[in-house]
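Since the structure comes first, as structure tokens, the remarks are kept for the end.
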Amino acid sequence: MELKLPERIDRERWARMLTGGRGEAGERETLLMDECEKMLFDAARPKGTYAFSDDLSFEGKSIRRHLEGCTAAVLMAATLGRAVDDRLMRLEVRDLAAGVVYDTGASLLAEQVCDIFEEEIRARVEEEGRYMTGRFSPGYGDMPLTQQRKLMQALDAERRIGLTLSESGLMIPLKSITAVCGTSDRPVTGSLATCDECALRSECELRKAGKTCADK
Ligand code: SF4
């Protein structure tokens, strides 16, 4: 299915990603963000798919903790599409700095598209009187990135939205996200990973800014 784009890319987070957590973008970065935002909205053709599953057996302590109290899972995948990658490759050849701004903006846009998608799924789950946790992606906490393959196969993501995995385990298109949410008849919220167990801790822009996922 086609997914909705947000109205804007989150400038505060984008600046934080570009400045190693300091958060204040300079004049040149701000101009590049304006240009890249236009290019990204022009190129992105977001698509997504989701499915319910009774299989809650994922690898990693943090995802198992997240799904405690849940009786089923929602598996989801979303992508911005190949045109975003094509433009990134062309831009990186022409202007490396612009390429970095575009790349980080595209990652953020994929997350924001996924936020909207997740809320649409949540509304459907809640219509049925059920509860849903937030989403949890392979590569977050100690859930291995290799779990992407399991999610993509269960979702038949290649056929449905053209999402594949390269031999090295990279998702193609690059700006794509897979995730799991737990569902239950009883209220569940899930739980965030701790920074100590998180595979993202060395490059995490939140930590560099003295924040955690709970402050997002
Ligand atoms: S703040 Fe960063 S390092 Fe800590 S759990 Fe969240 S994503 Fe991982």
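Points to keep in mind about this one:
- Here the dipole of the chain is about 180 debye; that uses its Cα centre as origin and unit charges on the Cβ of Lys and Arg (positive) and Asp and Glu (negative).
- Rg [Å, one decimal], Dmax [Å, integer] - the chain, C-alpha atoms: 17.3, 53
- Lysine-lysine proximity count for the chain, Cα under 24 Å, sequence distance 8 or more or distinct chains: 15
- For region 106-216, the orientation-averaged shadow of the C-alpha convex hull comes to 7.9 nm² (one quarter of the hull surface).
- Label-to-label distance, Arg11 versus Asp54, with points set 7 angstrom from Cα along the beta-carbon direction: 5.1 nm.
- Extension gain from Leu96 to Asp196, taking 0.36 nm per residue of separation minus the Cα-Cα distance: 32.7 nm
- With K and R counted +1 and D and E -1, the other residues having a Cβ less than 9 Å from that of Arg22 yield a net charge of +1.
- Within a Gaussian network of the chain (alpha carbon springs, distance under 10 Å), most fluctuating of Gly134, Gly81, Gly26: Gly26
- Taking all C-alpha pairs of region 25-151, those more than 16 Å from each other amount to 68 percent.
- Note on Ile172 and Leu31: the model spin-label points, each 7 Å out from Cα along the C-beta direction, lie 3.6 nm apart.
- Across region 3-13, rounded Karplus estimates of 3J(HN,Hα) from the backbone phi angles (6.51 cos²θ - 1.76 cosθ + 1.60, θ = phi - 60°) give 10, 7, 8, x, 6, 9, 7, 4, 5, 5, 5 Hz, Gly and Pro being marked x.
Values quoted throughout were computed directly from the atomic coordinates according to the rules given, and no laboratory measurement underlies them. Bear in mind that the values here come from a model prediction, so they are computed numbers and not experimental data. Using ideal geometry, Cβ is built from the backbone for each residue, glycine included, and neighbour counts are taken over all protein chains shown.
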